[in-house]
Amino acid sequence: MKYNPFLNFCSVLDKAAAACGIAPEDYEVLKHPERELKVALPIIRDDGRLEVFEGYRVQHSSLRGPCKGGIRFHQDVNIDEVKALAAWMTFKCAIVNIPYGGGKGGVQVDPHALSASELEKLTRRYTAAILPLIGPQQDIPAPDVGTNAQSMDWLMDTYSMMHGYAVPGVATGKDIEVGGSLGRTEATGRGIMIITRLVCEAKGMKKARVAVQGAGNVGSISAKLIYERLGFDIVAISDVSGGVYKADGLDMSSVWEHLTAKKLLKDYSAPGVRHISNKELLLCDCDILIPAALENQITAEIASELKAGIVIEAANGPTSVDADSVLAGRGIDVYPDILANAGGVVVSYFEWAQNLQSLYWEEEDVNRMLDKVMVRAFRDVKAAADEYRVTLRLAAYITALKRLTRAAKLRGIFPR
Ligand code: GLU
């Protein structure tokens, strides 16, 4: 059967609800996104041809506040993926206890195949197409795979032009000059570093050998901060072209220099560094594996051979449902995406709050508050895992589900 991440989400939800005794009718609503919009996006390519792209915006839940979540530009985007990503945002925001629901958008396009001006046209046309759904009180986009601060600047400008005044709070992850927050670019990676620190503290590990799959914003910054702040060895990192491995740790400052020059890892070389495939990276000899690429990377087959004892999910949905049971059976701890990679949306929340108040924070205040929120969420999830004797993934779902079903009960059903 075709991999359907939204059905996977529903099956994990059922397990979490059963484990903590929440009745099916109390969470049925979470199996149905509130709104799903599909849009057609014609643009004139640089060579004068007209091309029509397809896009989506899904609002999964606004139970706890406005919908919140990124926009993905990727050739594999489809409605089931966007629905799953939207649902994960609802749960992520509930786990870190910020006042948002969940949403997600996507355009089926390979952004690397478009010029800068084509990307701008597509982003603006997409913004115009989803205009009725978005707004600072309704649904607030952010970057995701294939989009960045510039995409959010264009989105914010398009929305503002339609309204006749600047509305910075319509999107987060913007550049600083147009209302972005200090610390937002690093936030997801910083959150991963914080979770890595907390995991190692809890296990009494002073040192760890870490492998990171993915060298985009999240993978590269996670690796850099874990290396710089925690002093851990990064033994492997990969991008679309493959990975590099060094048993006693890569020189992350030179890898970072290579990556920031927008060069592929297949072209990186240094003494003692071995080139490996993405599959070899997942299976390499390390203590902590951080998948920071796309969904469904750790399959049951990979899970049965994994050497890492700990997985910290920086990507959304990197572990398949089957792989999850294999990992649990082998006693490998998985710190789930909806907890581990929540740093991005937490600082998005700070950015939005700054935009609404027109009052901007110092970077150290952003980082300190992020730390506080991540530490609290980590403790909440650990406590649920102990209380219900479940995996950390189910514990994270339970933590969120309890907050969501409580909100649903308090709000009631309209109309009565
Ligand atoms: N795309 C990021 C995520 O999956 C960030 C979302 C946001 O900041 O709204 O968590």
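The values are calculated or read from the model by the stated rules, or taken from the named source; none is laboratory data. The structure displayed is predicted, hence computed values, not measured ones. Ideal geometry is used to build each Cβ from the backbone, glycine not excepted, and the neighbour counts take in all protein chains shown.
Identification of strands (runs of 3 or more DSSP E) wholly contained in segment 228-314 with 2 or more residues that are more than 30 Å from Gly106 (Cα to Cα) and at pLDDT 95 or above yields 233-239, 242-245, 274-276.
The single residue among Thr185, Thr172 that is without any contact (Cβ under 8 Å) to a residue 40 or more places away in the chain, within 16 Å of the ligand (Cβ to nearest atom) and outside any helix (DSSP H, G or I) turns out to be Thr185.
Against the criterion of being under 26 Å from Ser151 (Cβ atoms), more than 13 Å from the ligand (Cβ to nearest atom) and surrounded by 24 or more Cβ atoms within 10 Å (Cβ to Cβ), Gly55 qualifies.
Tell me, yes or no, whether segment 309-317 has at least one residue that is over 26 Å from Asp14 (Cα atoms) and touching a residue at least 24 places away in the same chain (Cβ under 8 Å). Yes; the residues of segment 309-317 include at least one that is over 26 Å from Asp14 (Cα atoms) and touching a residue at least 24 places away in the same chain (Cβ under 8 Å).
Among residues of segment 60-75 that are within 14 Å of Trp88 (Cβ to Cβ), those with a Cβ under 6 angstrom from a residue that is among the β-branched types (Val, Ile, Thr) and more than 9 Å from the ligand (Cβ to nearest atom), sequence gap 6+ or separate chain, pair up as His60/Thr90; Ser61/Thr90. Only residues that are more than 11 Å from the ligand (Cβ to nearest atom) and not aliphatic (A, V, I, L, M) were counted across segment 63-90, and they come to 11. For segment 1-31, a residue qualifies if it is under 15 Å from Glu295 (Cα atoms) and either touching a residue at least 40 places away in the same chain (Cβ under 8 Å) or surrounded by 20 or more Cβ atoms within 10 Å (Cβ to Cβ) (or both), and the qualifying residues are Tyr3, Asn4, Pro5, Phe6, Leu7, Asn8, Phe9.
Filtering segment 99-133 to residues that are in a loop (DSSP other than H, G, I, E, B) and crowded, with 23+ Cβ neighbours inside 10 Å leaves Tyr100, Gly101, Val109. Residue pairs whose Cβ atoms lie under 9 Å apart, sitting 6 or more positions apart in sequence or on different chains, and linking a residue in segment 260-285 that is in contact (Cβ under 8 Å) with a residue 60 or more places away in the chain to a partner that is assigned to a helix (DSSP H, G or I), are Leu282/Ile302; Leu282/Glu305.
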